[in-house]
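In what follows, a single structure is set out as structure tokens and then discussed.
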């Protein structure tokens, strides 16, 4: 079974909603998914991160960077860096949410990719090219991110994120599941 951890911080609930959609799709595909709220880390969470074959990082973008609680989690992970409990050779990917289509989300995705690289992880970006390049994919990856998933929050609390970003998150979950399964088979 493919084991995937999604660590996240969510200030207003938007990132949490994105993570839930992503995790639901992974579970439907048959993955063993463990969600980790970085503000409530426990020993079981660190153990799940150690055992997982993939680790997805998800944080809101605040002021051009990942949120402070997520950065604190990143800093805390230095205790396992390079050691036997490290994350070397695990699949990694990133997701972020901000209010505006740009919202400096690329800065957060770059921060997460560098973080994964420092842990010796294998980064997987978004493969979807949406409209206007592919008109039949209206709403999918609407803002054209490739390094990871950059979603937009919406004020309607029943939605939390744009409808196209929901579809993109589900498609990204499929990509992560496939990449993790393929990478894990190759590692055996």
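Structure data summary
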{"quantity": "Every pair of residues 6+ apart whose Cβ atoms lie under 6 Å, when the first sits in the stretch 169-183 and is under 13 Å from residue 92 (Cα atoms) while the second is modelled with pLDDT of 95 or more and assigned to a helix (DSSP H, G or I)", "calculated": "173/22; 173/25; 173/26; 177/26; 177/29"}
{"quantity": "Residue within the stretch 101-114 that is out of contact with any helix residue (DSSP H, G or I) (no Cβ under 9 Å at 6 or more places or on another chain), farther than 21 Å from residue 54 by Cα and surrounded by 21 or more Cβ atoms within 10 Å (Cβ to Cβ) present", "calculated": "yes"}
{"quantity": "Residues that are on the phi > 0 side of the Ramachandran plot and either out of contact with any helix residue (DSSP H, G or I) (no Cβ under 7 Å at 6 or more places or on another chain) or surrounded by fewer than 18 Cβ atoms within 10 Å (Cβ to Cβ) (or both), drawn from the stretch 131-152", "calculated": "139, 144"}
{"quantity": "All positions within the stretch 71-94 that are touching a helix residue (DSSP H, G or I) at 6+ places or on another chain (Cβ under 6 Å) and within 13 Å of residue 7 (Cβ to Cβ)", "calculated": "73, 74, 92, 93, 94"}
{"quantity": "Residue satisfying all of: in the stretch 6-59; touching a helix residue (DSSP H, G or I) at 6+ places or on another chain (Cβ under 6 Å) and farther than 21 Å from residue 174 by Cβ; surrounded by the most Cβ atoms within 10 Å (Cβ to Cβ) among these", "calculated": "59"}
{"quantity": "Enumerated helices (runs of 4 or more DSSP H) restricted to the stretch 1-78, each holding at least 2 residues that are touching a residue at least 12 places away in the same chain (Cβ under 8 Å) and more than 19 Å from residue 92 (Cβ to Cβ)", "calculated": "14-29"}
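The values are calculated or read from the model by the stated rules, or taken from the named source; none is laboratory data. This structure is a prediction, so every number in the text was calculated from the model and none was measured. Cβ atoms come from the backbone with ideal geometry, glycine included; neighbour counts cover every protein chain shown.
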